[in-house]
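Single-structure report; data block below.
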Amino acid sequence: MSVEWETVSLWQDAILRDRLDDIRASFVESGAVGPDASWAPEREAVRGRENKILLEYWHESRGDQAMPPISAVDPVRIQPALGRVAVLEAVEGGRDFRYRLFGTVMTAVSGFDMTGKLLSTHPSSAYIVNFNMALYRAILIKRVPVLSSYKPVARYAAFWERLMLPFGTEVDGVIRIVTGNIAFDRDGRELQS
């Protein structure tokens with residue numbers, strides 16, 4: 001699968017302006033529904049139990065800073081959500097993103113493991129990879145959490161909720177992004193594997 005870099009740039013700009021209509025039209029053309037993206041979500045907007053834990057952890061860890069430092073990425077503290085977590089780092093200033101961790105529940109639900117691999121090599125459909133690439137790039141600029149959801153064409157999940165949390169410093173910017181990924185079935189139950 002090759003990333004459509006022009007589409008990624010256009011979608012990044014659209015995400016930053018909260019104008020997702022063209023992106024949603026591309027999802028519909030592929031048989032999917034969505035996406036939605038909400039910047040700086042409140043806890044009440046988050047559906048997944050583990051994502052609520054991650055959002056609370058992010059706010060506690062940042063103190064009075066805009067975002068938590070990279071040292072706050074602690075597997076012990078996020079243990080209840082660990083199987084649903086992906087940790088990514090920007091490559092070449094956001095040209096791509098490398099998965100440092102791809103949780104075991106995500107691997108079981110999707111059927112593949114992205115640990116150590118680039119987002120550009122993700123086996124999902126082009127519209128999903130393009131959207132994720134654009135969204136992660138937008139996080140590098142905005143430096144705040146974003147809650148996203150969509151209904152993919154894939155049969156293994158009816159709905160995905162993704163909470164993306166930036167970690168870094170004001171000087172260095174976003175260094176890592178911790179993403180909680182919750183897959184739901186058609187009845188709205190969280191998929192375990």
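The values are calculated or read from the model by the stated rules, or taken from the named source; none is laboratory data. The model shown is predicted, which means the values in this text are computed figures rather than measured ones. Note that each Cβ is placed from the backbone with ideal geometry, even for glycine, and that neighbours are counted across all protein chains shown.
Here are the numbers for this structure:
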| quantity | calculated |
| --- | --- |
| Hey, Pro75 over 25 Å from Arg24 (Cβ atoms), at pLDDT below 90, touching a strand residue (DSSP E or B) at 6+ places or on another chain (Cβ under 9 Å) and not β-branched (Val, Ile, Thr) or not | yes |
| Meets criteria (of a type in the set (Gly, Ala, Ser), under 18 Å from Trp58 (Cβ atoms) and part of a helix (DSSP H, G or I)) for Ala108 | no |
| Number of the condition not met by Val129 [criteria: (1) within 24 Å of Ala66 (Cβ to Cβ); (2) buried (at least 20 other Cβ atoms within 10 Å of the Cβ)] | (1) |
| Answer residue from region 143-193, given it is at pLDDT 80 or above and assigned to a loop (DSSP other than H, G, I, E, B) and is farthest from the chain's Cα centre (by Cα) among those | Val171 |
| Selection status of Ser71, under 27 Å from Gln12 (Cβ atoms) and either over 14 Å from the mean Cα position of the chain (by Cα) or in a helix (DSSP H, G or I) (or both) | no |
| Restricting region 32-55 to residues that are modelled with pLDDT of 95 or more and part of a loop (DSSP other than H, G, I, E, B), the residue that is surrounded by the most Cβ atoms within 10 Å (Cβ to Cβ) | Val46 |
| Unique match (being of a type in the set (S, T, N, Q), surrounded by 16 or more Cβ atoms within 10 Å (Cβ to Cβ) and in contact (Cβ under 8 Å) with a residue 12 or more places away in the chain) among Thr169, Thr104, Thr179 | Thr179 |
| Count - residues of region 64-87 that are under 19 Å from Ala183 (Cα atoms), of a type outside the set (D, E, K, R) and surrounded by 15 or more Cβ atoms within 10 Å (Cβ to Cβ) | 7 |
| Arg137 vs. criteria touching a Phe, Trp or Tyr at 6+ places or on another chain (Cβ under 7 Å) and not in a strand (DSSP E or B) | no |
| Every residue from region 117-129 that is over 14 Å from the mean Cα position of the chain (by Cα), part of a helix (DSSP H, G or I) and either under 21 Å from Val28 (Cα atoms) or acidic (Asp, Glu) (or both) | Ala126, Tyr127 |
| Meets criteria (in contact (Cβ under 8 Å) with a residue 12 or more places away in the chain and either in contact with a Cys (Cβ under 7 Å, 6 or more places away or on another chain) or assigned to a loop (DSSP other than H, G, I, E, B) (or both)) for Met114 | yes |
